[in-house]
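Reviewing the structure listed below.
The values are calculated or read from the model by the stated rules, or taken from the named source; none is laboratory data. Given the structure is predicted, the values throughout are model-derived calculations rather than measurements. Using ideal geometry, Cβ is built from the backbone for each residue, glycine included, and neighbour counts are taken over all protein chains shown.
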Amino acid sequence: MAMTLMTFVRRNVGPGLAAGALAGILVACGGGNGNGGGSSPSAPEKTGKPGTTQVDVKLVDFKMQLSEKTLKAGAYTFVVKNDGHHDHAMEIEGSGTEQKTRTLAPGESVNLTVSLKDGKYQVYCPVDGHKDLGMKTELTVGGSASTGNGTNTTDGNGY
């Protein structure tokens, strides 16, 4: 019995393509960075700069998320990413420190390296009144460092 091209594709190629597509979807949805439910939190990641520790900052429209909110005194690189639909920036102020990033368009990111002393710091978006809309949080430096998993967010109501 002669097999036509369409029959060959339906019987042999089609299931292979479907399996490959399913495998691709599973890989894209699985894995992750270990911050999913049930995994134990990890220590802050070291960056390429000697002596600095990375703190991830996610800026969304009128909320701010820091991967760590309690730190030990030292040098930190804040990796700031604008995941919102508006321009945002990050400013850190307190204990004699006041530094900020440039304004970031949606999707942009920037690193800000800061040396922090013991004390309380305000971290907020200095763009167009965003701080008053809830894009602010507090950072504590001193004591034992937190190994939070990114759940420290503002809810639009400030500190």
Complete set of residues in the range 101-116 that are of a type in the set (S, T, N, Q) and not in a strand (DSSP E or B): 101, 103
Which residue, of 117, 131, is in contact with a Ser or Thr (Cβ under 7 Å, 6 or more places away or on another chain) and either surrounded by 15 or more Cβ atoms within 10 Å (Cβ to Cβ) or touching a residue at least 40 places away in the same chain (Cβ under 8 Å) (or both)? 117
Residues of the range 34-59 classified as in contact with an Asp or Glu (Cβ under 9 Å, 6 or more places away or on another chain), at pLDDT 95 or above and β-branched (Val, Ile, Thr), total: 1
